[in-house]
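Asks: Just dropping this structure here.
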Amino acid sequence: MKIKFFMPAILLVVAVTSGCVSTKKYQALQADNANLQKKNDDVMQSYQVTQQELAGSKSRVTSLEEQIAAANANTVALQDALNKCLAGNNQGGMNISKLVDQINASNAYIKELVNSKNKSDSLNMVLTNNLTRSLSPDETKGVDVKVLKGVVYVSLSDNMIYKSGSYEISDQAGATLAKIAKIINDYSTYDVLIEGNTDNVPISQKNIRNNWDLSTLRASSVVMALQNTYGVDPKRLTAGGRGEFNPIADNSSPSGKSQNRRTEIIITPKLDQFMALIGKAPAPGATTAPTTPAPAPGQ
């Protein structure tokens, strides 16, 4: 906007040049001119102030626009972060759900293992009771009977059965073998494996090549004694030797060697007999009062 501030001066010049004027009029014209000049100055000052205020307003508008843009950008960032957080929570929920499923499956498996163990323990108890029922409490003191995974192991040390350094049955072995024969004959349909074991000291006897020979010959001696002296059906008997390769103790000590020199009588029910025993086993956690043993199978 352009303002014409030179008009009063032109009028004054025209008035002067057009003819002579009185001093009074001249002074009045000068006063008017001064007033107009002052108004002009006021207008100019107001204009400058207005321009400054406008510039300030534009600056504030720009600042506000920048703040709005920053706020919008921050809102977008927050929304994005929220979406990611929600997605993360969903994923976390999925992971937690999967973990819960895994934990439940693991707990179910553990429960199954516990039930199986209890069932196995019950079965072992039945087998142990059944296979030692033919012996009196005094007779069982000299016989080490263990049940592992449904198989009965009777372990006899070499000095209980054989002459020293030999596979011949000793005179004092009769009482022990008689107890074993009672158990075997009580269950006349069970299979029986006689298994010889030695320590790792090489054998040095004529006609015995190594510990394989010694362990097998000892097992054969027990088989023949059970058959010939105690009437066990030979069709149920198997003789085997494992030499020094099935130790249960460290051969570096005399005590360990003594434990490894042993003969094991392994009594195994057939599959149908085994399943029948499982049916007789008490349920896990159940307790039963002692009862009179039932007749043996086949009797």
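The values are calculated or read from the model by the stated rules, or taken from the named source; none is laboratory data. Please read all numbers here as calculations on a predicted model, not as lab measurements. Positions of Cβ are backbone-derived with ideal geometry, glycine not excepted, and every protein chain shown enters the neighbour counts. For accessibility, only protein heavy atoms count, side chains too; no ligands or nucleic acids. Shrake-Rupley method; radii C 1.70, N 1.55, O 1.52, S 1.80 Å.
Asks: How many of the residues in the range 221-251 are open to solvent by 40 Å² or more (accessible area, probe 1.4 Å) and more than 45 Å from the chain's Cα centre (by Cα)?
Replies: The number of residues fulfilling the criteria is 9.
Asks: Check Gly19, Gly56, Gly93 and return the single one that is at pLDDT below 75 and loosely packed, with under 10 Cβ neighbours inside 10 Å.
Replies: Of the residues listed, the single one that is at pLDDT below 75 and loosely packed, with under 10 Cβ neighbours inside 10 Å is Gly19.
Asks: Ok, one more. For Ser155, indicate whether it is at pLDDT 85 or above and either under 19 Å from Asn210 (Cα atoms) or open to solvent by less than 60 Å² (accessible area, probe 1.4 Å) (or both).
Replies: yes
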